[in-house]
Structures are given as structure tokens and as C-alpha cells.
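Taking it in order: structure first as C-alpha cells, then the write-up.
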């Protein structure tokens, strides 16, 4: 996944306009965007255990682990 600005992860509409299909939130406040969510394989769900910086009630990945979300539907 390519690195993108953290605010991009907060605005799904902007990610859609950038044509990124997936966003990965990592280690509480880092954001990565890309087209292949399986590039590095799937980690155990228990490894995504870091609370989001903006909303501690949600999980935003872990150390070198992304919580991956689909953002772009390619017109579907």
C-alpha cells in the first residue's frame, strides 16, 4: 500500500476521488492506501489491538498491522 495522509483515511469520499480501493489504518494514527489488501497476507485479528488516536473506542490496526477497509467501488 502507498502512504497517504491521515486525513485521507477520515474522508472516504476523498479516497474514492483518488481511486484508492482500500485504506489501512495502522498503529493508532497511520494511514496507508492501495489496491491490494492481501499484499502482505492476513494477520491474526488479535494483532490489530491499538485504539484509534481520534476515537479510542475503535481499533486502528497494531504495530506493523493494518485494519483494512474498502473505500472505492469502481462505479459498482
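Read-outs: derived from the displayed coordinates by stated rules, not from any lab. Since the model is a prediction, treat every value here as computed from it, not as a measurement. Glycine gets a Cβ as well: all are built from the backbone with ideal geometry, and neighbour counts include every protein chain shown.
The figures follow:
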read-out	value
Neighbour-count order for 36, 27, fewest beta carbons within 10 angstrom listed first	36, 27
Fewest-first sequence of 42, 57 by Cβ atoms within 10 Å of each Cβ	57, 42
Ranked 39, 65, criterion: other C-beta atoms within 10 Å, fewest first	39, 65
